[in-house]
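**Student:** Mind having a look at this structure? Questions to follow.
The values are calculated or read from the model by the stated rules, or taken from the named source; none is laboratory data. Being a predicted model, the structure only gives us computed values, none of them experimental. All Cβ positions, glycine included, derive from the backbone under ideal geometry; neighbour counts span all protein chains shown. All accessible areas refer to the heavy atoms of the entire protein, side chains included, with ligands and DNA or RNA removed. Shrake-Rupley method; radii C 1.70, N 1.55, O 1.52, S 1.80 Å.
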Amino acid sequence: MIQALLVGLWVTWAIIDEQTLQLQTTRPIITGTVVGLIMGDVTMGLMVGATVELMFLAVVFVGTAVPPDPTLSAAIATALAIATGSGIEVAIATAIPVALIGQAVTTLQFSVVNVFFLHRGDKAAAAGSSKGLMFYSVLPLAVNVLFYGVPAFLAVYYGPQFVLPLIEAIPEQVIRGLAVGGGMIGAVGFALLLKSIKATHLWPYFLVGMIAMVYLNLNLIGIGLVAVTAAALHMILSKGKSTKGSQQEEEAS
């Protein structure tokens, strides 16, 4: 009960954070780690969160298009992986359909529920009611408890008995296809990310990460340490180059 309640509260907070402060707690790698901590297996939580993060790495809002929901997906996939001990493959296969369900819920929230409250907020603003405007601004955030917190709570509380029948109804070939597709989505996410980075001189750092993962067999923590080291070296070298260039300009002048 306590674990399910904490997971539901975290998912609710993460969605509220995404819609307000944007502290990035909604990201799968954060949600997966926190859910893993709540469920008593931080390692599995980090692994599932990082895997789901790769799947949604370059997924963003474009116009009115609502992307699949990564937060609910990471939370339920992590909880299911820990509860069943099924590992990453089933977690990925679970994450994709849950993300699509979250996408439908988000679309309903943005296009119907939030619009309803928005019109009432406009009327409160026109009437000069600051309390009414505040009320209709906060109430949509509270609705996240129903849309996201309750499903996460039920999934963790009832565990595999609640989620697995939905997954077992999916043919095994489809589950394998979703797992393979999840890995491909991660590759596509990296490709889109590279495409968005105009500074091509930074691309070799991605190659360093790939070499460390494939040929040195480093885990995600090791890759993260390599990334931090590379970023620190880049900052030091860039600063030194900039300082040297300034000195040459001063001497020339």
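**Student:** Give the peptides 212-225, 91-104 in descending order of average Cβ contacts within 10 Å, highest first. Mind showing how you got there, number by number?
**Tutor:** Working: 212-225: 12.6, 91-104: 22.6.
Per-residue mean Cβ counts within 10 Å order the peptides as 91-104, 212-225.
**Student:** Counting only heavy atoms of protein chains, what accessible area per residue, in Å², does region 1-55 have with a probe of 1.4 Å? Intermediate results must be reported in sequence, preceding the final value.
**Tutor:** On the way: 2530 Å² over 55 residues.
In whole numbers, region 1-55 has 46 Å² accessible per residue.
**Student:** Something else about it: Residue by residue through region 19-33, which ³J(HN,Hα) values in whole Hz follow from phi under the Karplus form 6.51 cos²θ - 1.76 cosθ + 1.60 (θ = phi - 60°), with glycine and proline marked x?
**Tutor:** These are the phi-based 3J(HN,Hα) values: 8, 10, 6, 6, 7, 6, 5, 6, 5, x, 5, 7, 4, x, 5 Hz.
**Student:** What is the packing order of peptides 203-211, 46-54, 23-31, 231-239, taking the mean over residues of other C-beta atoms within 10 Å and listing the highest first? Don't skip to the answer; put the middle values down first.
**Tutor:** On the way: 203-211: 12.6, 46-54: 24.4, 23-31: 20.3, 231-239: 10.6.
Ranking the peptides 203-211, 46-54, 23-31, 231-239 by packing returns 46-54, 23-31, 203-211, 231-239.
**Student:** Working out 0.36 nm times the residue gap between residue 146 and residue 108, then minus their Cα-Cα distance, what length gain in nm do you get to one decimal? Walk me through the intermediate numbers first.
**Tutor:** Working: separation 38, 0.36 × 38 = 13.68 nm, distance 1.25 nm.
Once the chain is fully extended between residue 146 and residue 108, it gains 12.4 nm.
**Student:** May I pose another question? How far apart, in nanometres, would the label points at residue 134 and residue 214 be if each is projected 7 angstrom from Cα along the Cα-to-Cβ direction?
**Tutor:** With each label placed 7 Å out from Cα toward Cβ, I get 5.7 nm.
**Student:** Sorted by accessible area with a 1.4 angstrom probe, largest first, how do 135, 147, 56 fall? List each step's numbers first, then the result.
**Tutor:** On the way: 135 110, 147 35, 56 15 Å².
Largest accessible area first, the residues go 135, 147, 56.
**Student:** Shape call for region 1-63 from the C-alpha gyration tensor, a ≥ b ≥ c root eigenvalues: rounded (a/c under 1.5), prolate (a/b greater than b/c) or oblate? Kindly include the intermediate steps, with their values, before the conclusion.
**Tutor:** Working: a/c = 2.79, a/b = 1.31, b/c = 2.13.
It comes out oblate by the Cα gyration axes.
**Student:** Rounded to the nearest 10 Å², what accessible area does residue 6 show when all protein chains are kept and the probe is 1.4 Å?
**Tutor:** In the full protein context, residue 6 sits at about 80 Å².
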